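A.B. asks: Following this message is one structure expressed as structure tokens.
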Amino acid sequence: MSEIIIRTENLSREFGAVRAVDQLSFEVPAGVVFGFLGPNGSGKTTTIRLLLGLLEPSAGRAEIFGFDTRTQADRIRERCGALLEHHGLYERMSAEANLDYYGRINHLPGAERQARIKELLDHLGLWERRKEGIGGWSKGMKQKLAVARALLHRPALLFLDEPTSGFDPVAAVELRRDLARMVEQEGVTVFLTTHNLAEAEKLCGQAAVIREGRLLAVGDTDELRARSAGPRAEIRGRGFDTAALQARPEVVAVHYNGGDTIRLDLRPGAEVAPLVSWMVGAGAQIEEVRRVQNSLEDFFLSLMEASDVVG
Amino acid sequence: MLWGDIWTVARKELHETLFPAGKRQAGLVQALGYAGLMGLAPIMMGGGYLESWGALIFACFPILIVTSTVVDLFAGERERHTFETLLASRLPDRAILLGKLAAITVHAWGVALLSQLIAVVGINLIRIAGQGEGGLHFFPADIALSIVLLTLLTAGLAGGAGILVSLRTPTARQASQRMIVPMLLVLGIPGFLPLVLGQLVPLDVQVGFVQWASDGNEIVVVLAIAVLLLAADALVFAGALARFRRAQLILD
Ligand SMILES: Nc1ncnc2c1ncn2[C@@H]1O[C@H](COP(=O)(O)OP(=O)(O)OP(=O)(O)O)[C@@H](O)[C@H]1O
Ligand SMILES: [Mg+2]
């Protein structure tokens, strides 16, 4: 079992009457991308602030690298890189000066600092524009620079709060690739929030889902995906009898809007082939059948629906 | 390591103030212009200015420039959302505070000294043009050193007071409104204190003191003021450090 990097125990934070973070307990092992998922206002950013010692917990505690966030946050911050809710770049300074400042803050010696800045800016395609004040840069360009700033000193733990917001698809893929490589080759741990669940699914080895500050689920991403309801089938054709389909024991729900495709949610373990034979027997003309893999998004949405019912 | 961190912060603040990207040298030009403006009144006073201890008061006025620079240090960073990232960095509290204080102090001190240099140059130019008389005039050594010392301590006090009141203000605008009272206190006390004392202290004591002081004891008075200023500097800095609670500095 690998080393635990982040451990929280009933971590809580209130703002007046709002419980932004409510008794969170989870662990993040070394060398994974840990996806921290949840709807708007669910407490993701607040949790990151608590972990970096930028806010005090109202109750509970958290430990990173074995250091308490309340009393030893200096030791924690030394080992972390962070891209927070806002990019945090100085718009009256050039791209290079922004990175240089954080290189100095992180005690990178002169030559190494310059080499690293060149490497990162080259990699992001921003080297030619390094002397420009970044005030006029596009959102995505600034975001890329902010990612570079977080990576600059090769921290052992990275906090990334919606890192790909504003990224074009190519840039998003490249960042995912870079992060995956860092995790694999350098053993870096990444704590990441995102609203892009397809991205989380590709990138995160483990994930937690929170809502209203409370933990709804945590575990390996594959396992979470499998936990969502049963399989689904997508069937293209004509002559569907939706009422009869709804009555079949293996069908949980029928989604059909009169077009040429019908979607069926099935019970866990249900087989698609017998159902298709039955449909053909009942007069449907079928052109294509697809069994749909459960996605993290399905799991997320089913969790949200379930917690709507409960809460 | 602490000194290195302080230097990192101070260096960036000074650079950003004097040479903001996109408006090259704008900050430097502003500082020069301000110093020039502040050097005008002494120039009008002519050669006598360079022999007068009153120069100490004039030398301190340019320090008012901190009212425009201090608001950027904390309130401005907060407003532009750069503060939280800075707080998330490994910099210790003292380095952030001392680095910013050093930058603002050096900036204001530099402007104050520059204004006096401009005054000296101006006074000499007028002298030479008017009388053709040779030889450059400068402050006597004791006045020159007193100017250097008192402007430094006053700049530190003004900067520290500015930081103290703006540490937790959410916007630069609110911070500049809050700047008025501390600046009046820092720069007004030297102006008003003599007037108040003039009302309170019996006349013969005042005359006696002035006679004693001007009998070659000016430097003793300056040193006494310097000690008081130093104590005030330390007090204000301790206050700012006490208010600097990292886990309470993010206000949305
Ligand atoms: N400084 C603050 N003062 C008062 N309330 C706050 C503060 N910070 C966060 N909150 C509240 O805490 C809750 C959680 O906010 P948080 O920013 O952590 O959500 P989030 O999950 O990051 O949302 P998003 O996905 O929109 O970024 C919200 O109800 C928010 O209003
Ligand atoms: Mg957020």
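A.B. asks: Within the stretch A:187-202, restricting attention to residues that are among the β-branched types (Val, Ile, Thr) and in contact with a helix residue (DSSP H, G or I) (Cβ under 7 Å, 6 or more places away or on another chain), which residue is farthest from ligand 1 (Cβ to nearest atom)? Even if it seems obvious, please write down each step before you answer.
C.D. replies: Start the filter on the stretch A:187-202 by keeping residues that are among the β-branched types (Val, Ile, Thr), which leaves A:188-190, A:193-194.
Then keep just the ones that are in contact with a helix residue (DSSP H, G or I) (Cβ under 7 Å, 6 or more places away or on another chain); that gives A:188, A:190, A:193-194.
Working: A:VAL188: 22, A:VAL190: 17, A:THR193: 7, A:THR194: 9 Å.
So, considering only residues that are among the β-branched types (Val, Ile, Thr) and in contact with a helix residue (DSSP H, G or I) (Cβ under 7 Å, 6 or more places away or on another chain), the one farthest from ligand 1 (Cβ to nearest atom) is A:VAL188.
A.B. asks: Moving on. Return the total of residues in the stretch A:153-178 being surrounded by 15 or more Cβ atoms within 10 Å (Cβ to Cβ), more than 16 Å from ligand 2 (Cβ to nearest atom) and under 16 Å from A:ASN196 (Cα atoms).
C.D. replies: 6
A.B. asks: Looking at B:LEU241, B:LEU230, which is the one that is open to solvent by 60 Å² or more (accessible area, probe 1.4 Å) and more than 16 Å from ligand 1 (Cβ to nearest atom)? Outline the logic, then answer.
C.D. replies: On the way: B:LEU241 fails: open to solvent by 60 Å² or more (accessible area, probe 1.4 Å).
After ruling out the rest, the residue left standing is B:LEU230.
A.B. asks: Further, regarding this structure: Any idea which residue in the stretch A:266-291 is modelled with the lowest pLDDT, counting only those that are assigned to a strand (DSSP E or B) and open to solvent by 70 Å² or more (accessible area, probe 1.4 Å)?
C.D. replies: Going through the stretch A:266-291, the residues assigned to a strand (DSSP E or B) turn out to be A:266, A:285-291.
Next, from what is left, pick out any that are open to solvent by 70 Å² or more (accessible area, probe 1.4 Å): A:285, A:287-288, A:290-291.
Numbers: A:GLN285: 93, A:GLU287: 93, A:GLU288: 93, A:ARG290: 90, A:ARG291: 84.
Out of the qualifying residues, it is A:ARG291.
A.B. asks: Just name the residue that is nearest to the chain's Cα centre (by Cα) out of those in the stretch B:47-82 that are of a type in the set (Ser, Thr, Tyr) and within 14 Å of chain A (Cβ to nearest Cβ).
C.D. replies: Within the stretch B:47-82, the subset of a type in the set (Ser, Thr, Tyr) is B:49, B:52, B:67-69, B:82.
Applying the additional criterion that residues be within 14 Å of chain A (Cβ to nearest Cβ) yields B:69, B:82.
Working: B:THR69: 11, B:THR82: 26 Å.
In this case the residue turns out to be B:THR69.
A.B. asks: Is the stretch A:258-265 home to any residue that is crowded, with 20+ Cβ neighbours inside 10 Å and touching a strand residue (DSSP E or B) at 6+ places or on another chain (Cβ under 6 Å)?
C.D. replies: First, the residues of the stretch A:258-265 that are crowded, with 20+ Cβ neighbours inside 10 Å: A:262, A:264.
After this cut, where a residue has to be touching a strand residue (DSSP E or B) at 6+ places or on another chain (Cβ under 6 Å) as well, the list is A:262, A:264.
Yes, because at least one residue in the stretch A:258-265 is crowded, with 20+ Cβ neighbours inside 10 Å and touching a strand residue (DSSP E or B) at 6+ places or on another chain (Cβ under 6 Å).
A.B. asks: Among A:GLU78, A:GLU63, A:GLU56, which is more than 9 Å from chain B (Cβ to nearest Cβ), among the acidic types (Asp, Glu) and away from ligand 2 (no atom under 16 Å from the Cβ)? Working first, answer last.
C.D. replies: Working: A:GLU78 fails: more than 9 Å from chain B (Cβ to nearest Cβ); A:GLU56 fails: more than 9 Å from chain B (Cβ to nearest Cβ).
Just a single option satisfies the conditions, and that option is A:GLU63.
A.B. asks: Select, from A:THR8, A:THR69, the only residue that is more than 16 Å from ligand 2 (Cβ to nearest atom), within 16 Å of A:GLN206 (Cβ to Cβ), in the same structural domain as A:LEU157 (by TED's automatic domain parsing) and of a type in the set (S, T, N, Q). Spell out the reasoning first.
C.D. replies: Values: A:THR69 fails: within 16 Å of A:GLN206 (Cβ to Cβ).
Within the list A:THR8, A:THR69, the selection yields A:THR8.
A.B. asks: From the list B:GLY47, B:GLY122, B:GLY36, B:GLY110, exactly one residue is more than 25 Å from B:ILE225 (Cα to Cα), at pLDDT 90 or above and among the small types (Gly, Ala, Ser). Which is it? Break it down into steps so the answer makes sense when it comes.
C.D. replies: On the way: B:GLY47 fails: at pLDDT 90 or above; B:GLY36 fails: at pLDDT 90 or above; B:GLY110 fails: more than 25 Å from B:ILE225 (Cα to Cα).
None of the others qualify; the one that does is B:GLY122.
A.B. asks: What about B:LEU136, is it touching a residue at least 24 places away in the same chain (Cβ under 8 Å) and open to solvent by 10 Å² or more (accessible area, probe 1.4 Å)? Talk me through it step by step, then tell me what you get.
C.D. replies: On the way: touching a residue at least 24 places away in the same chain (Cβ under 8 Å): no; open to solvent by 10 Å² or more (accessible area, probe 1.4 Å): yes.
Here the answer is no, as B:LEU136 does not meet what is asked.
A.B. asks: Is the stretch A:102-115 home to any residue that is at pLDDT 95 or above, within 16 Å of ligand 1 (Cβ to nearest atom), of a type in the set (A, V, I, L, M) and not in a loop (DSSP other than H, G, I, E, B)?
C.D. replies: No, the conditions are met nowhere in the stretch A:102-115.
A.B. asks: Could you check the stretch A:85-103 and list, in sequence order, the residues that are within 7 Å of chain B (Cβ to nearest Cβ), within 16 Å of ligand 2 (Cβ to nearest atom) and open to solvent by 10 Å² or more (accessible area, probe 1.4 Å)?
C.D. replies: A:HIS86, the sole residue that qualifies.
A.B. asks: Within the stretch A:34-44, does at least one residue satisfy the condition of being within 13 Å of ligand 1 (Cβ to nearest atom), closer than 17 Å to A:LYS142 by Cα and either surrounded by 16 or more Cβ atoms within 10 Å (Cβ to Cβ) or in the same structural domain as A:PHE15 (by TED's automatic domain parsing) (or both)?
C.D. replies: There is no residue in the stretch A:34-44 that is within 13 Å of ligand 1 (Cβ to nearest atom), closer than 17 Å to A:LYS142 by Cα and either surrounded by 16 or more Cβ atoms within 10 Å (Cβ to Cβ) or in the same structural domain as A:PHE15 (by TED's automatic domain parsing) (or both).
A.B. asks: To continue, here is another question. Among the numbered conditions (1) under 19 Å from A:GLY205 (Cα atoms); (2) within 14 Å of ligand 2 (Cβ to nearest atom), tell me where A:SER2 comes up short.
C.D. replies: Answer for A:SER2: the failing condition is (2).
Table: residues versus (1) among the aliphatic types (A, V, I, L, M); (2) buried (at least 21 other Cβ atoms within 10 Å of the Cβ); (3) without any contact (Cβ under 8 Å) to a residue 12 or more places away in the chain.
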site	(1), (2), (3)
B:ALA41	yes, no, no
B:ILE57	yes, no, no
B:HIS81	no, no, yes
B:ALA103	yes, yes, no
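A.B. asks: Give me the residue from the stretch A:1-53 that is of a type in the set (S, T, N, Q) and not in a loop (DSSP other than H, G, I, E, B) and, out of that set, farthest from A:ARG211 (Cα to Cα).
C.D. replies: Filtering the stretch A:1-53 down to residues of a type in the set (S, T, N, Q) leaves A:2, A:8, A:10, A:12, A:23, A:25, A:40, A:42, A:45-47.
This time we only want the ones that are not in a loop (DSSP other than H, G, I, E, B), so: A:8, A:10, A:12, A:23, A:25, A:45-47.
Details: A:THR8: 17, A:ASN10: 15, A:SER12: 13, A:GLN23: 12, A:SER25: 14, A:THR45: 12, A:THR46: 12, A:THR47: 12 Å.
Among those residues, the one meeting the criterion is A:THR8.
The values are calculated or read from the model by the stated rules, or taken from the named source; none is laboratory data. Just so you know, these numbers come straight off a predicted model, no measurement behind them. All Cβ positions, glycine included, derive from the backbone under ideal geometry; neighbour counts span all protein chains shown. All accessible areas refer to the heavy atoms of the entire protein, side chains included, with ligands and DNA or RNA removed. Shrake-Rupley method; radii C 1.70, N 1.55, O 1.52, S 1.80 Å.
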